[in-house]
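The values are calculated or read from the model by the stated rules, or taken from the named source; none is laboratory data. Every value quoted in this text rests on a predicted model; they were computed, and no experiment measured them. Note that each Cβ is placed from the backbone with ideal geometry, even for glycine, and that neighbours are counted across all protein chains shown. Calculation scope for accessible area: heavy atoms of the full protein, side chains included, ligands and nucleic acids excluded. Shrake-Rupley method; radii C 1.70, N 1.55, O 1.52, S 1.80 Å.
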Amino acid sequence: MATSDEALLTEAQREEFDRRGFVALDRLTSAAEVRALHAAYDRLFEERAGIAAGDQIELAGEADGEPLLPQVLNPDRYAPELRDTEAYRNAAVVARRLLGPEVVPTGMHAILKPAHRGAETPWHQDEAYWNPDHEHRAISIWMPLQPATPANGCMEFVPGSHLLPVLPHKLINPDAQGLVLADTGAVSERVACPLPAGGATVHANRTIHYAGPNTTGEPRRALIMSFAVPSRPLAVPREFPWQRRELP
């Protein structure tokens with residue numbers, strides 16, 4: 001696999017990201033590495049990695065005692081091999097091309113949509129979870145470990161929404177730890193991004209995005225790698241009222 005900067009993210013793709021707030025990449029890593037990551041990923045959820053430390057959480061609640069949208073925060077704490085991968089190195093290259101040389105990694109997380117019952121990830125902006133007293137410039141690189149389709153919950157985006165302020169959010173439901181836009185009226189045009197295994201979408205911290213439910217017979221596995229320019233305090237602090245309840 002070619003790994004030059006231009007091969008990973010062309011100038012046209014960089015311009016598309018700047019214009020729309022997201023871009024889809026056909027390939028971030030090899031098929032062989034996807035298979036190895038698949039095994040490590042499944043082990044994290046089977047062993048309930050990080051649950052004692054609060055790193056395994058449920059974004060959307062449960063049905064019949066089973067989680068609908070489980071997530072492992074900081075999966076590389078429990079599977080350090082996730083950092084020693086072509087995918088992670090290539091993600092860092094993409095991040096530098098989009099955010100500049102001062103970019104730093106800010107963590108990983110893994111989101112699982114179980115077969116048949118995996119819940120939707122509702123429309124939201126990532127920055128709604130973050131410190132409202134700081135200015136943020138960040139990206140998330142979302143990589144599926146099997147083909148991502150509309151049937152199993154591929155990513156969808158609202159083009160140009162990265163230029164909006166952080167909009168009001170609320171908890172998905174009282175038992176959940178995830179957020180949803182308080183008013184989905186901002187969702188007009190939407191673009192779905194099906195991907196092959198080992199492809200990726202890249203989106204900015206204010207880009208409104210969504211991933212549908214998994215209605216297929218196989219789990220949908222996604223590994224997210226995040227990068228940012230170090231945040232700076234705002235001259236006029238903001239308040240995000242929806243954060244008054246503790247969030248991850």
Under unit Cβ charges (Lys, Arg +1; Asp, Glu -1), what dipole magnitude, rounded to 20 debye, does region 16-141 have relative to its Cα centre? 440
Cα→Cβ-extended label distance, 7 Å offset, between Ala31 and Glu102, nm: 4.3
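Compute the Rg to Rh ratio over the chain from the alpha carbon atoms, using the Kirkwood formula for Rh, and round to two decimal places.
Values: Rg = 17.0 Å, Rh = 18.3 Å.
Ratio value, two decimals: 0.93.
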Taking the simple approach of a point 7 Å from Cα along Cα-to-Cβ for both Thr216 and Leu163, what is their distance in nm? 3.5
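What does the accessible area per residue of the chain come to in Å², with a 1.4 Å probe and no ligands, DNA or RNA counted?
On the way: 11160 Å² over 248 residues.
I get 45 Å² per residue for this part.
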In region 40-166, what percent of the accessible surface is made up of carbon and sulfur (1.4 Å probe, ligands and nucleic acids excluded)? 52
